[in-house]
1. Hey, does region 106-113 have a residue that's out of contact with any Ser or Thr (no Cβ under 9 Å at 6 or more places or on another chain), crowded, with 17+ Cβ neighbours inside 10 Å and either in a strand (DSSP E or B) or among the charged types (D, E, K, R) (or both)?
2. Looking at 131, 102, 116, 106, which one is basic (Lys, Arg), out of contact with any Asp or Glu (no Cβ under 6 Å at 6 or more places or on another chain) and modelled with pLDDT of 95 or more?
3. Which members of region 92-104 meet the condition of being assigned to a strand (DSSP E or B) and either assigned by TED's automatic domain parsing to the domain that holds residue 44 or surrounded by 19 or more Cβ atoms within 10 Å (Cβ to Cβ) (or both)?
4. Just the residues that are farther than 29 Å from residue 136 by Cβ, assigned to a loop (DSSP other than H, G, I, E, B), among the charged types (D, E, K, R) and without any contact (Cβ under 8 Å) to a residue 24 or more places away in the chain, please, taken from region 18-71.
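The values are calculated or read from the model by the stated rules, or taken from the named source; none is laboratory data. Predicted, not measured: the structure shown is a model, and the values here were computed from it. With ideal geometry, Cβ positions are generated from the backbone for all residues, glycine too; neighbour counts draw on all protein chains shown.
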Amino acid sequence: MTTTEATEQAAPRPVPDLDSQAFWDGLRAHRIVLQRCASCDRRRFPAMPSCPYCGHPEWRSEEVSGTGTVFSYIVVHRTFDPAFNGDVPYPVATVDLDGGGRIVARLTGMPAIDARVAPDFVDHPEWTELRFRIVEES
């Protein structure tokens, strides 16, 4: 895992809620913490109060390695926030995590379906962003 220091103007800071607090705290410590349903045992992202697969309200936090494969991607050419204008174009990927679960994050490197990825943590002044980097082409 590598760490990148953010250099762009202040990016908008996420506002964690009760369900997502463990995810954001984990990123600050350069760890990926996802929810796992207490009933059907499936991982889920983003964090939410009940399972989208079976509706069960109980879950546990689980640390994951963050390795996986690119399921799909888009290339952003126009940002929603001026803080990212200097970064375009950049890819955002949906990643199938090893061990289950799917997560969406910015991608570093040339995107390709089925490419292997690993996590990168980008430290902003008040929060840490999860990105993925290509480690092996498909």
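1. yes
2. Selected residue: 106, the only one of 131, 102, 116, 106 that is basic (Lys, Arg), out of contact with any Asp or Glu (no Cβ under 6 Å at 6 or more places or on another chain) and modelled with pLDDT of 95 or more.
3. If the condition is that a residue be assigned to a strand (DSSP E or B) and either assigned by TED's automatic domain parsing to the domain that holds residue 44 or surrounded by 19 or more Cβ atoms within 10 Å (Cβ to Cβ) (or both), then 93, 95, 97, 103 are the ones that fit.
4. Of everything in region 18-71, just one residue is farther than 29 Å from residue 136 by Cβ, assigned to a loop (DSSP other than H, G, I, E, B), among the charged types (D, E, K, R) and without any contact (Cβ under 8 Å) to a residue 24 or more places away in the chain, namely 58.
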